[in-house]
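So the structure is just underneath, and the comments pick up after that.
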Amino acid sequence: MLAVIGSCAMLISAFVFQILGYPPCKICIWQRWPHALAILAGVLWLIKPDFRFIILGAFSTFLTSGLGLYHSGIEQKWWSGPSTCSSGKIDGLSVDELFEKIMNAPLTRCDEIVWTFANLSMASWNAILSLLLAIVWIKAIKNK
């Protein structure tokens, strides 16, 4: 249940940040879905204690931790993200192509850090905290 509460807290925090004026980018949204799946796995486990729900919870939190690491790498410019998520290259584009690129650009880019705490972005914190939640799920697996 600790891992389920942790995923609830992560999801609520994401929505609070959004309400406070930090709109999510495309990859931020991707990182929310595995937390929702982990919460569902925990609820289903309460209804029917099946070992597979614990595995699903562990997998989900590992997945969102990996997405957080991927997003952190994009923010740090270690690798590039999806072309729909960052500015990308504009060399050789015609005026019309450049205009289209500008008009179709997302409101929030994935390659910009909009908030940090202790020099870590929200994506970095998601990666770290979700990994800790995955460890809690793994401990639950070992206890079963």
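Every number here is computed from the coordinates shown, using simple stated rules; none is lab data. Bear in mind the structure is a predicted one, so any value in this text is a computation, not a measurement. Neighbour counts are summed over all protein chains in view; Cβ atoms, including those assigned to glycine, are modelled from backbone coordinates with ideal geometry.
Modelled label-to-label distance, Ile19 and Lys139, 7 Å Cα→beta-carbon offset: nm?
The two pseudo-label positions are separated by 3.0 nm.
Mind sorting out which of [x] 1.08; [y] 1.22; [z] 0.99 is the real Cα Rg over 2.2 N^0.38 Å computed from the coordinates?
Matching the structure shown: [y].
Kindly rank 14-26, 119-131 from highest to lowest mean number of other beta carbons found within 10 Å of each residue.
On the way: 14-26: 13.6, 119-131: 19.5.
The peptides rank, most packed first, as 119-131, 14-26.
Using a Gaussian network for the chain with springs between C-alpha atoms less than 10 Å apart, which of these wobbles most: Ile113, Ile55, Ile47?
Result for the chain, Cα springs under 10 Å: Ile47 fluctuates most.
Provide the gained length on full extension for the span Trp79 to Phe59, in nm with one decimal, where the gain is 0.36 nm per separating residue minus the Cα-Cα distance. Kindly include the intermediate steps, with their values, before the conclusion.
Numbers: separation 20, 0.36 × 20 = 7.20 nm, distance 2.43 nm.
4.8 nm is the gain from fully extending Trp79 to Phe59.
Leu131 to Ala9: extension gain in nm, 0.36 nm per residue of separation minus the Cα-Cα distance?
Working: separation 122, 0.36 × 122 = 43.92 nm, distance 1.43 nm.
42.5 nm is the gain from fully extending Leu131 to Ala9.
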